[in-house]
Amino acid sequence: MTTQKILLKLTVNGEARQALVHPMSRLLDVIREDFCLTGTKEGCGEGECGACSVILDGSLVNACLVPAIQAQGSTMRTVEGLAGVDLSPLQQAFLHHGGAQCGFCTPGMLVAGTYLLETDAVQDEDRAREGLSGNLCRCTGYVKIVDALLAAREGRP
Amino acid sequence: MNDYAHIGRSVLRREGRAKLTGAALFTDDLKIEGLLHGTTVRSRVPRGRIMGIHFEEGFPWEEFIIVTAQDIPGKNVVAHLIQEQPCLADGVINHAEEPILLLAHPDPERVQDARERVRVDVEPLPPVLSIEDSLRCDPVIWGEDNIFKTILITKGDPERARAKGHLQLEATYYTGAQEHVYIEPNAIIGEATPDGVLVRGSMQCPYYVHHALHELFQLPLDKVRAAQVETGGAFGGKEDYPSMLACHAALLSWKAGGRPVKIVYDREEDMACTTKRHPSRTRIRSAFAADGTLLSLDVEFLLDGGAYMTLSPVVLSRGALHASGPYRCPDLRIHARALATNTPPHGAFRGFGAPQSLFAIERHMDEAAHRLGLDPAELRRKNLLRTGDAMATGQIMRDEVDLIALMDRALAEIRYAEKRASYPVLNAGDEPVKRGVGFSVFMHGGGFTGSGETMLHSVAALEGTADGQVRVLAASTEMGQGANTVFTQVAAEALQAPLDLIVVATPDTGVVPNSGPTVASRTTQVVGKLIQDAALAMRKTLLDAGYLQDGDVAAAIRAYVAQHGTLRTESQYQKPDFVQWDDTTYRGDAYATYAWACYAADLRIDLVTYETQVADFVTVQEVGRVLNPTLAAGQIEGGVAQGIGWGLNEEVIWRQGSMANHQMSNYLIATAVDLPRIRVFFEERPYAYGPGGAKGIGELPMDGPAPALLNAVQHALQITPRQVPMTPEVLMDLVEGA
Amino acid sequence: MRGQPSLCEVLTPLNLAEALALLAAHPEARPLAGGTDLMVPFAAGRLPDRLFLNLWDLEELRGIVVTDGEVTLGALTLFREIAAHPLLQREFPNLVRSAMVTGALAIQSRGSLGGNIANGSPAADTPPSLLAYGAELELTSLRGSRWVPYADFHTGYKRSLLAPDELITRIRLSRMGEGGFHYFRKVGTRQAQAIAKVSLAAWARVADGRIQDLRLALGSVAPMPIRAKGTERILQGQAIRNLPLDAALAALQADISPIDDLRSSAAFRRKVAGNLLVDMLRGLAPT
């Protein structure tokens, strides 16, 4: 009685991946369950908290709101793809400034922050705050997250 | 000048790297073979009798593990202070969302589907849904009078002193429930066989879970184990509730023959079913001399405890002990009661009763100043506690803190005097945006209330390993606040060792001693001290055994362990000598020490939309020595953000005893654009009984924002707000009614 | 996650003709654009649909076309694309602002104008702007296509003119040149990522000291996004130095029919809708 699965193929953090999934499965569940990339988190399941932020074909998206079939053939970056051998400048700035507390919103914050830096959308503190307004944090009051983002933009630790 | 190698420095968060790369594993991230997914069937009514449970016909129920109250091997109870809250409702329903039945299945989609196919027939009974109904005993739902706990604190004769007052003021203040909104919802994995029960998950207090499992299964203590997994925020919300979840997961696993069972709440279930901050009603009757001297205080403090007692008596206690604020008052009476209602039990939330009572007294002081024609700062200058003064319980203030100087520093930072004068002129114009500035002065007691710390007998230990490392063994959990890092700093400092030598062990009751729950701003101040003492003892052991001549601690540990097999030092809590407390009379030293603060807010209030924006927020606090400036500031900033939310926008909407707006789209916590750059200033006066001179800090920042904000609203609009959250809807009523 | 993907099927046409044929054959199929609205009730187990028509790959529904007299937006135009469009920023600033306050960036990357309209939420952010600009919608089925004024499209709470076999394919705006008066304000308690409690969009042209043209629209104050036509009539042709404010406010109260719900109260919505009108008129006729 269950419906046909599809073979979903994606490039994830530079690697070709595939999984047999239901077309209406959430991309979030595919990332976590099928690709075993558990850095991407579920905080609300309704596109409010941003803990499931990933970069999909160059766009910042909430993976909880993307049906798997709409990611067919896409290129995706998750938090696991942000660091090379070393932490990325933004990750280093988060560490230095104390941008992570409990760490649960952190992957989404870093993905969103990376997107903002790459699209040059962090001209000043107001723009940084606006850009991060889709990512909720309950620990920090955002000060240290914003500081980390501004520092990374300026190439400071 | 910092004479320390590690203390007082912004050492980087120990688990930071894992949290930044996605490598940190939270409960739902763990891969477990043979896992079943559990879920909970709940009551839809606030009060009633269960008449029957029906399973939809034609559905393959044989595939599911089903647990009801009848399946419980030991006692049907989630043990907290007393044993009264059932693990699964048996016959009677006492609150909406009360768990009745549990289901598990290997496929998470199937188990969610099955939940909708169980029908519970309930004969509804009239519920109690407010403090007022509970007081009227309409009807009686708990004990003889709906009262979980009464506390009375008296000093002098407040009635007689009141008669002498130039100003006699009476007002009632209300605060709403608040949801924690830790970004990681509750999650637990249980494995239960007759040989033993193991529960892992997101939790603040592994030994609370341990205790609950022990009572539920009636198994020996050593057959029960609770271990914390990386925890995505808690704020009190994972203090008592994980015991419930742990019992559920373990019961399902028990019934499933020991297969592991995971229960992860989605956001809707987490918001609707778990604990919230206690709603409160505080009536203050006060009297002041013409010069502003506070003569008399009579405080009636009421908390809505929800359907079961759980932690309400201790929340009440902290609220009562902070109810007179940081003021001298020779004649006072504080009468506090926690009441039963048919809502899910309210529980711990950062501040633990103190934000509620401090909101009332700090608003009241501003109202009194207004009525006396004094500036609120002048009124406080007359009445703030000074070293050597007696507090409400007769406790002599030992901390050498100049509260007036603390206040003046905050007021200078926010340019209070200038704005106090200029804003009314500005506000007289046609512009719809009005400005106001206000502040609050307050304190927060560190550690458990009264004799609580003594009764806990907390123990922490250090263990040297064969490869020369030191493991910190404590039940205190890292939940974002920085316990791992601070413990590392304290241990390394006392051992005179590098930071990398120290490893903080996972809080697992099978491994760590009981250093008490991770609550009450006690982790750094109390448990940190135990770790410091255990580390000093370890250093002494190594020195005495002659292993530390060249100062290489790692080499010394390796040599010692090679020679002696083990190296372990422990420390148990000893109360400071001066602390005397009488639980029956509520007289004495309520807390060994307090953190002190003044917070000031500058607001922009738009009378087109009735929205309030915080333009500037200044915090000045005395917290003993700051062990890690970055982490400490992070605690203050985060706590202030939660306090601003509680004060302005975070409203739990109740319908028939259930949270109706149980989604993040309907219960609004602040985004980055809703908050200003919160400014943090510390005054440091080392506290002799804290590690490196530190005091507790975690809860303090929750106490001050709400009254500071509403005091600023009074300044801006010349209205008298007495409730939080002061949503735009509430503000509209106040403005339009004025 | 309470949705049941294992019970759901998705039809994925590669072009519009195929989409219309599939929809004609399966009128019960729920059209699915960027998913930012539908995935929420789906994940909560509150969406009854089991068959979906995936529109995401339909290039015909994308793109913004500008001619001398009109701007035509494909139904799949994303909020992000609207926000970044220079001509829209100049000539239709209300639409740009309302797109920029629809969720945050991640929503604007997937949410589409056509989806926003089709979802039919009275609280949606772009409809008041579209109403104030007199937008028209192209509705297309195998039977052909038709243009309808957007003001006529919503017929009640989550009800519309759209037939089961029709898709919204394009949205058309007449260019009115620069220099008109534009006003958009959303009230949502929180400053970002909020669902509107009240919103008001207005477009007006003032000449010879009088209001020559005025379109006024509101969100979250009725079962659907509405034009405040009674209020428009009162203000039309009036001298901006002597506007009949009380009559306009009274007409506005008759135009709207707000309710109490989880997000606000009817009383608040009535009061704030009036405040927004006053705020708008203050901008139109600065003293």
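The values are calculated or read from the model by the stated rules, or taken from the named source; none is laboratory data. Computed from a prediction, not measured in an experiment: that's the story for all the values here. Note that we place each Cβ from the backbone using ideal geometry, even for glycine, and neighbour counts take in every protein chain shown. Protein only, heavy atoms only, side chains kept; ligands, DNA and RNA dropped before computing areas. Shrake-Rupley method; radii C 1.70, N 1.55, O 1.52, S 1.80 Å.
Whenever you get a sec, compute what percent of the accessible area on segment C:7-54 sits on carbon and sulfur atoms (1.4 Å probe).
57 percent
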Exercise. Please report the Cα spread of chain A along all three principal axes, rounded to whole Å, starting with the longest.
Key: 53, 30, 24
Quiz item: What number comes out for the charge environment of C:Ala132, summing +1 per Lys or Arg and -1 per Asp or Glu over other residues with Cβ under 14 Å away?
Solution: +1
Practice problem: Using a 10 Å cut-off on Cβ to Cβ distances, tally the other chain neighbours for every residue of B:603-612 and report the average as a whole number. | Solution: 4
Practice problem: Considering only protein heavy atoms, with the full assembly of protein chains and a 1.4 angstrom probe, order B:Leu543, B:Leu406 by accessible area, largest first. | Solution: B:Leu543, B:Leu406
Quiz item: Which whole number gives the average count of other chain Cβ atoms within 10 Å of the Cβ atoms across peptide C:267-280?
Solution: 3
Quiz item: What total accessible surface area, summed over both chains, is buried at the interface between chains C and A, computed with a 1.4 Å probe and given in Å² to the nearest 100?
Solution: 2500 Å²
Exercise. Determine the dipole magnitude for segment A:89-153: charges of +1 sit on the beta-carbon of Lys and Arg, -1 on that of Asp and Glu, nothing else is charged, the reference point is the Cα centre, and the result goes in debye to the nearest 20.
Key: 260 debye
Exercise. Let me know the charge dipole size of segment C:7-54 about its Cα centre in debye, to the nearest 20, where only the beta-carbon of Lys, Arg (+1) and Asp, Glu (-1) is charged.
Key: 120 debye
Quiz item: How much area per residue is accessible in chain A when the probe is 1.4 Å and only protein heavy atoms are counted (Å²)?
Solution: 32 Å²
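For A:Asp86 and B:Lys164, what does the FRET efficiency come to when R0 = 60 Å and r is the distance between their Cβ atoms, rounded to the nearest 0.05?
0.25
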Quiz item: With Cβ to Cβ distances under 12 Å as the rule, what net charge do the other residues near B:Leu473 carry (K, R +1; D, E -1)?
Solution: -1
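Taking segment C:147-229, which trypsin sites (Lys or Arg not before Pro) meet the DSSP loop condition and have no more than 11 other C-beta atoms within 10 Å?
Values: sites: C:Lys158, C:Arg159, C:Arg170, C:Arg172, C:Arg175, C:Arg185, C:Lys186, C:Arg190, C:Lys197, C:Arg205, C:Arg210, C:Arg215, C:Arg227, C:Lys229; in loops: C:Lys158, C:Arg175, C:Arg190, C:Lys197.
Counting only loop positions with at most 11 other Cβ atoms within 10 Å, none of the trypsin sites (Lys or Arg not before Pro) in segment C:147-229 qualifies.
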Quiz item: So how far apart, in nm, are the two label points at C:Glu59 and B:Asp3 if each is 7 Å from Cα heading toward Cβ?
Solution: 7.5 nm
Quiz item: Summed for both chains, how many Å² of accessible area, to the nearest 100, are buried between C and B with a 1.4 Å probe?
Solution: 2600 Å²
Exercise. Find, to one decimal place in angstroms, the Kirkwood hydrodynamic radius of segment B:582-737, where the mean of 1/r is taken over every pair of different Cα atoms and then inverted.
Key: 17.4 Å
Practice problem: Keeping all protein chains in position, work out how much accessible area B:Leu426 exposes to a 1.4 Å probe, and write it in Å² to the nearest 10. | Solution: 110 Å²
Self-check item: Cβ-derived FRET efficiency at R0 60 Å, B:Asp138 paired with B:Ala505, nearest 0.05
Solution: 0.70
Quiz item: Just how much of C:Asp208 is accessible, in Å², when a 1.4 Å probe is used and the result is rounded to the nearest 10?
Solution: 140 Å²
Quiz prompt | Distance in nm between pseudo-label sites at B:Leu12 and C:Ala207 (7 Å out along the Cβ direction from Cα) | solution = 6.7 nm
Self-check item: Dipole-positive endmost among B:Ile147, B:Tyr173, B:His95 within segment B:69-220 (Cβ charges, Cα centre)
Solution: B:Tyr173
Self-check item: Set of lysines with alpha-carbon distance to B:Lys238 below 17 Å, sequence-local pairs under 8 removed
Solution: B:Lys262, B:Lys276
Quiz prompt | Listed residue (B:Leu297, B:Pro260, C:Leu245) projecting farthest to the positive dipole end of the protein assembly as shown, Cβ model | solution = C:Leu245
Quiz item: Sorted from largest down, what three extents in whole angstroms do the Cα atoms of the protein assembly as shown have along their principal axes?
Solution: 92, 73, 66
Quiz item: What percent does the relative contact order of chain B come to when contacts are Cα pairs within less than 8 Å and at least six residues apart?
Solution: 16 percent
Exercise. Name the lysines eligible as straight-distance cross-link partners of B:Lys223: C-alpha to C-alpha under 18 Å, and not fewer than 8 places from it in the same chain.
Key: B:Lys75, B:Lys255
Exercise. Sticking with the crude label model, points 7 Å out along Cα→Cβ, report the distance from C:Asn242 to B:Glu33 in nm, one decimal please.
Key: 9.0 nm
Quiz prompt | Rounded to 10°, Cα long-axis angle of helix A:143-153 versus longest principal axis of chain A | solution = 90 degrees
Quiz item: Just how far, in whole angstrom, is segment B:184-249 from segment B:477-545 if you go by their alpha carbon centroids?
Solution: 22 Å
Exercise. Give me the compactness ratio for segment B:235-308, meaning the Cα radius of gyration over 2.2 N^0.38 Å.
Key: 1.95
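Place a +1 charge on the Cβ of each Lys and Arg in chain C and a -1 charge on the Cβ of each Asp and Glu, then give the dipole magnitude about the Cα centre in debye, rounded to the nearest 20.
Computed charge dipole of chain C: roughly 1000 debye.
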Quiz item: When we measure straight from the Cα of A:Lys144, which aspartates and glutamates land under 16 angstrom away, once same-chain ones fewer than 8 places off are left out?
Solution: A:Asp124, A:Glu125, A:Asp126, A:Glu130, A:Glu154, B:Glu637, B:Asp674
Exercise. For segment A:6-80, report the convex hull volume of the alpha-carbon atoms normalised per residue, in Å³, without decimals.
Key: 72 Å³
Quiz item: Just the C-alpha atoms of segment B:201-270: what Rg/Rh do they give, with Rh taken as the Kirkwood radius?
Solution: 0.96
Quiz prompt | Over 24 Å (Cα to Cα) - which of B:Lys149/B:Lys695; B:Lys434/C:Lys229; B:Lys434/C:Lys186 fall in this group | solution = B:Lys149/B:Lys695; B:Lys434/C:Lys229
Quiz item: Which whole-number percent is the relative contact order of chain C (Cα, under 8 Å, 6+ apart)?
Solution: 15 percent
Quiz item: Which one of B:Pro376, B:Phe352, B:Ala307 has its Cα pushed farthest toward the positive end of the charge dipole of segment B:278-376, where Lys and Arg give +1 and Asp and Glu give -1 at the Cβ?
Solution: B:Ala307
Quiz item: Of the accessible area of segment C:181-284, with the probe set at 1.4 angstrom, what percent is carbon plus sulfur?
Solution: 49 percent
Quiz item: Relative contact order of chain A: what whole-number percent is it, with Cα pairs under 8 angstrom and at least 6 residues apart?
Solution: 23 percent
